[in-house]
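Heads up: the structure comes next, in structure tokens.
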Amino acid sequence: MKQKIECLPVASQTDPLLERVEQTYVNSFPPGERRDFALVRDLMVTEVFQVYVLLREAQYAGFITAWQWHDFMYVEHFAIDESARNGGIGREALTLFLERLPVPVVLEVEMPTDEMSRRRIGFYQRLGFVLDEHAYRQPPYRPGESWLDMRLMTYGNLDLKKEFETIKQRIYRQVYGMNA
């Protein structure tokens, strides 16, 4: 029997579910791959940034943070809470999320250098994402931190062979606040 999965935008910086989102966020991503959560809350007042909570049978299960522009969406973070992992909810939730989007999606993934990063890339590929081969470096979230070698993946009608530099520059400028 299929579980009822919901993907709902968080409407307020004071929503109590953000405490759970913060816990999952901190537990799922190393400091170099995330901003301070207070800054995530601050971004929620902008028109282009959104936090979505994932619910399974009305219980918190994970989150997605994303930047929405007219021509594509950049999924910055996606994580399933430890208490909800290994039940297929990640696949179901992301499939539901993608089905509702009117634009293509871009996200960053770690370089495929170990079993876990290859499995993560495979997860996205099974959902229809395509791994791009351009050299891509994630800018640091904090001054003095290192750039991270990553790859971009796309879902939908987006040709990174033609649009890579434009998309990279928008992500750098609007998500990371830098020109590179």
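Restrict the check to segment 31-51 and report whether at least one residue is open to solvent by less than 70 Å² (accessible area, probe 1.4 Å), in contact (Cβ under 8 Å) with a residue 12 or more places away in the chain and touching a Gly at 6+ places or on another chain (Cβ under 7 Å). Looking through segment 31-51, none of the residues is open to solvent by less than 70 Å² (accessible area, probe 1.4 Å), in contact (Cβ under 8 Å) with a residue 12 or more places away in the chain and touching a Gly at 6+ places or on another chain (Cβ under 7 Å).
Yes or no, residue by residue, for (1) at pLDDT below 95; (2) open to solvent by less than 90 Å² (accessible area, probe 1.4 Å); (3) assigned to a strand (DSSP E or B); (4) not charged (D, E, K, R):
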| site | (1), (2), (3), (4) |
| --- | --- |
| L96 | yes, yes, no, yes |
| L107 | no, yes, yes, yes |
| I121 | no, yes, no, yes |
| S146 | yes, yes, no, yes |
| R173 | no, no, no, no |
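Of the residues making up segment 82-89, none is in contact with a helix residue (DSSP H, G or I) (Cβ under 6 Å, 6 or more places away or on another chain) and open to solvent by less than 40 Å² (accessible area, probe 1.4 Å). Inclusion of L158 among residues that are more than 23 Å from L18 (Cβ to Cβ), touching a Phe, Trp or Tyr at 6+ places or on another chain (Cβ under 7 Å), at pLDDT below 95 and aliphatic (A, V, I, L, M) is warranted. If you take the residues of segment 1-30 that are open to solvent by 80 Å² or more (accessible area, probe 1.4 Å) and of a type in the set (A, V, I, L, M), which of them is modelled with the lowest pLDDT? The selected residue is M1.
I'd like to know if segment 155-167 contains one or more residues that are of a type in the set (S, T, Y) and outside any loop (DSSP other than H, G, I, E, B). Yes - at least one qualifying residue is present in segment 155-167. Would you check which residues across segment 56-78 are farther than 18 Å from L101 by Cα, assigned to a strand (DSSP E or B) and open to solvent by 10 Å² or more (accessible area, probe 1.4 Å) and list them? Passing the criteria: R56, Q59, Y60. Residue-level check: of (1) out of contact with any strand residue (DSSP E or B) (no Cβ under 8 Å at 6 or more places or on another chain); (2) closer than 16 Å to F123 by Cβ, L94 misses just (1).
The values are calculated or read from the model by the stated rules, or taken from the named source; none is laboratory data. Nothing here was measured: the structure is a model prediction, and the numbers come from that model. Using ideal geometry, Cβ is built from the backbone for each residue, glycine included, and neighbour counts are taken over all protein chains shown. Only protein heavy atoms, including side chains, enter the accessible area calculation; ligands, DNA and RNA are left aside. Shrake-Rupley method; radii C 1.70, N 1.55, O 1.52, S 1.80 Å.
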